[in-house]
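Trainee: One structure, pasted below without further comment.
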Amino acid sequence: MAYLQFHGKQFAVPADGLTIGCHEGAGLRLPGDDSTARAIVTVGAGGSAFIRRDGADAVVLLNGVQLGNESSPILHGDKVEIAGEELRYGDDKQGGSTQFVSGAQVAEMARAKAASPAKPTLARGGRLVSLTDGREYSVPDDGITIGREVGNDVVIPSSEVSRKHAEIVPMPGGYHLTDHSTNGIFVNGVRIEQTQVLGRADVLKIGPEEFRFYADTAKAMAAPPVPSAVLVAAPVLPPLPPMAPLPPMAPRAPLAPAAPVAAPMAPIEIETAFASAAPAPAPPVVDAKAAPAGRPPLATLEIVNEGPLKGTMFEIHSALTNVGRGAHNDIVLSDESVSDSHAKIQKRDRGWFIVDQDSTNGTYVGGRRVQGEQRVEGAPDVRFGGIKMTFRPLAAAADEGGGTRAIAAVNVEPLRKPAAPRPRPVPAEVKKKGCASVLAFMMALTAAGVSLLAALLTTGR
């Protein structure tokens, strides 16, 4: 049976759906008088549940993401927020009894060892990132609980997970993970013994799902340089002859003769401390290539993860921007969860697209993992591994038109011809004289023609 849990009570979802809101007649009446706080939860024939807004002005959040016009699938343990109230969706089929995992499965999971040692963290900035769907769960000061029941902060709908499987609590020295389950918790492939302090980038396996843990990194204490002891043996010198007394020098007293060396000098142990080379500075967590001077940005990326890097802004000036951990990228994110070449952001005629480069921990847009490429609409949250950012396209630049055409380079110098000299304008007086001369010439020519014709007619007679 599907249900919504509100203030410790369960409200079943009937076949025709359950209406939620502050209005009269709502199946699940919420406190308040906000008429726009309306939603409907329905269950399909196959048992899949969906939630949608019941009005164009309704504001409904599902796991912190605002719903659009379309219905959205809702799963066991999902959190719904309407009119400032929080509800949890549950399904009895997903919340049954705990199923024991066989010893062979436990041994197989225990054989997987961590690829790298965990890094110590401070007791702040803690969060869990699901490696299945990319959801992020912040760890508050009073900690979070993980289990199968909908009352937990992180709900895993699996019979392998206990009702209250584990909890993570910030304590002096970092975050402590405590196991309350039957089938146990595996950190970096090794089953923990009741309680363990988590390190940055640890992978937690709880039932069928995995999570990566992050927190503010604790600065490692620099170890003092170890002095190196060097034994230097003094050379054996022969006895020196006695020195003759020096003549007295006023006002100084005469020097006493030096005593001869009766025996060779014993080896002297000299302790020399060599200055250790200064450690190389750690690579920056984030970096971006210098932007072209005077060129306006096309879009921005802003880190929204809690911690010292929150609010870090990157400007995108090119239609193709590469994101990853490697130094060859345009935006460098030096984090264990980010692949060397993680993703690329492209500006095309139809808008912005984010393309995943077969990254290990995935690229997410609006909480959904990118399969190949995904068009970006609006200003959604995007995630590269464990780095959560907000992508904002800016107003269209002046040079943004249709497609871009490439024009081949041509040397036009040989094709240029010398310009012909322009004729000088003829004065009006010259034009009048020219016309009179032509007219007189034509009249003379006509008279000569008439005379010639008369002469020919006379001869013919």
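Trainee: So which residues in region 12-45 are surrounded by fewer than 17 Cβ atoms within 10 Å (Cβ to Cβ) and among the hydrophobic types (A, V, I, L, M, F, W, C), if there are any at all?
Mentor: Scanning region 12-45 gives Ala12, Ala15, Ala45.
Trainee: Could you grab me the full set of residues in region 1-19 that are farther than 15 Å from Lys79 by Cα and either in contact with a His (Cβ under 8 Å, 6 or more places away or on another chain) or hydrophobic (A, V, I, L, M, F, W, C) (or both)?
Mentor: The answer is Met1, Ala12, Val13, Ala15, Leu18.
Trainee: Okay, next question. Could you list all residues from region 121-167 that are of a type in the set (Ser, Thr, Tyr), under 19 Å from Arg200 (Cβ atoms) and not in a strand (DSSP E or B)? Talk me through it step by step, then tell me what you get.
Mentor: Here is the first cut: in region 121-167, the ones of a type in the set (Ser, Thr, Tyr) are 121, 130, 132, 137-138, 145, 158-159, 162.
Subset that is under 19 Å from Arg200 (Cβ atoms): 121, 130, 137-138.
Selection gives nothing.
Trainee: Pairs please, first residue from region 158-187 and free of Cβ contacts under 8 Å to residues at least 12 places away in the same chain, second anywhere and of a type in the set (Val, Ile, Thr) and surrounded by fewer than 21 Cβ atoms within 10 Å (Cβ to Cβ), Cβ atoms under 8 Å, 6+ apart in sequence or on different chains.
Mentor: Cβ pairs passing all conditions: none.
Trainee: While we're looking at this one, here's another question. Name the single residue that is least open to solvent (accessible area, probe 1.4 Å) among those in region 369-382 being hydrophobic (A, V, I, L, M, F, W, C) and not in a strand (DSSP E or B). Break it down stepwise before answering.
Mentor: The first filter runs over region 369-382 and keeps only residues hydrophobic (A, V, I, L, M, F, W, C), leaving 370, 376, 379, 382.
The next check asks that each one be not in a strand (DSSP E or B); those that pass are 370, 379.
Values: Val370: 6, Ala379: 61 Å².
Going through the qualifying residues, I end up with Val370.
Trainee: Name the residue that is nearest to Thr217 (Cα to Cα), counting only residues in region 117-129 that are surrounded by fewer than 17 Cβ atoms within 10 Å (Cβ to Cβ) and not basic (Lys, Arg). First the steps, then the outcome.
Mentor: To start, the set of residues in region 117-129 that are surrounded by fewer than 17 Cβ atoms within 10 Å (Cβ to Cβ) comprises 117, 119-120, 124.
From the residues that got through so far, the ones that are not basic (Lys, Arg) too are 117, 120.
Working: Pro117: 14, Pro120: 6 Å.
Among residues in region 117-129 that are surrounded by fewer than 17 Cβ atoms within 10 Å (Cβ to Cβ) and not basic (Lys, Arg), the one nearest to Thr217 (Cα to Cα) is Pro120.
Trainee: Does Asp202 satisfy being of a type in the set (D, E, K, R), at pLDDT below 90, open to solvent by less than 60 Å² (accessible area, probe 1.4 Å) and closer than 25 Å to Leu122 by Cα? Spell out how you get there, then give the answer.
Mentor: Numbers: of a type in the set (D, E, K, R): yes; at pLDDT below 90: yes; open to solvent by less than 60 Å² (accessible area, probe 1.4 Å): yes; closer than 25 Å to Leu122 by Cα: yes.
In short, yes.
Trainee: Could you look through region 156-177, keep only residues that are among the hydroxyl-bearing types (Ser, Thr, Tyr) and surrounded by fewer than 22 Cβ atoms within 10 Å (Cβ to Cβ), and pick out the one that is farthest from the chain's Cα centre (by Cα)? Let's see the steps before the verdict.
Mentor: Taking region 156-177 first, the residues among the hydroxyl-bearing types (Ser, Thr, Tyr) are 158-159, 162, 175.
Adding the requirement that they be surrounded by fewer than 22 Cβ atoms within 10 Å (Cβ to Cβ) leaves 158-159.
Numbers: Ser158: 31, Ser159: 34 Å.
Here the answer is Ser159.
Trainee: Here is a further query. From the list Glu86, Glu81, which residue is modelled with pLDDT of 85 or more, open to solvent by 80 Å² or more (accessible area, probe 1.4 Å) and not in a loop (DSSP other than H, G, I, E, B)?
Mentor: On the way: Glu81 fails: open to solvent by 80 Å² or more (accessible area, probe 1.4 Å).
Result of the check over Glu86, Glu81: Glu86.
Trainee: I'm trying to understand the selection: among the residues of region 310-345, which are open to solvent by 60 Å² or more (accessible area, probe 1.4 Å) and under 13 Å from the mean Cα position of the chain (by Cα)? Explain how you work it out, then say what you get.
Mentor: Quick first cut of region 310-345, residues open to solvent by 60 Å² or more (accessible area, probe 1.4 Å) only: 310, 313, 315, 320, 325, 327-328, 336, 340.
Passing the criteria: Lys310, Met313, Glu315, Arg325, Glu336, Asp340.
Trainee: Sticking with this structure for a sec: State which residue is modelled with the highest pLDDT when the search covers only region 205-229 and only residues that are part of a strand (DSSP E or B) and of a type in the set (Gly, Ala, Ser). Step through it out loud before you land on a result.
Mentor: So in region 205-229, the residues part of a strand (DSSP E or B) come out as 205-206, 209-214, 217, 228-229.
In the following step, the residues that additionally are of a type in the set (Gly, Ala, Ser) were identified as 228-229.
Details: Ser228: 49, Ala229: 46.
Only one residue fits best here, namely Ser228.
Trainee: In addition: Filter region 1-11 down to the residues that are modelled with pLDDT under 85 and surrounded by 10 or more Cβ atoms within 10 Å (Cβ to Cβ) and list them by number.
Mentor: Step one: filter region 1-11 for residues modelled with pLDDT under 85, giving 1, 8.
Selection gives Met1 alone.
Trainee: Here's something else I'd like to know. Please work out which one of (1) more than 23 Å from His165 (Cα to Cα); (2) at pLDDT 85 or above is the condition Lys119 fails and give its number.
Mentor: (2)
Trainee: Mind listing just one residue for me: the one in region 346-368 that is of a type in the set (D, E, K, R) and within 20 Å of Ile331 (Cα to Cα) and, of those, surrounded by the most Cβ atoms within 10 Å (Cβ to Cβ)?
Mentor: Asp356
The values are calculated or read from the model by the stated rules, or taken from the named source; none is laboratory data. Treat the numbers as computed from the prediction; the structure is a model and nothing was measured. Here Cβ is always computed from backbone atoms with ideal geometry, including for glycine, and neighbour counts include all displayed protein chains. For accessibility, only protein heavy atoms count, side chains too; no ligands or nucleic acids. Shrake-Rupley method; radii C 1.70, N 1.55, O 1.52, S 1.80 Å.
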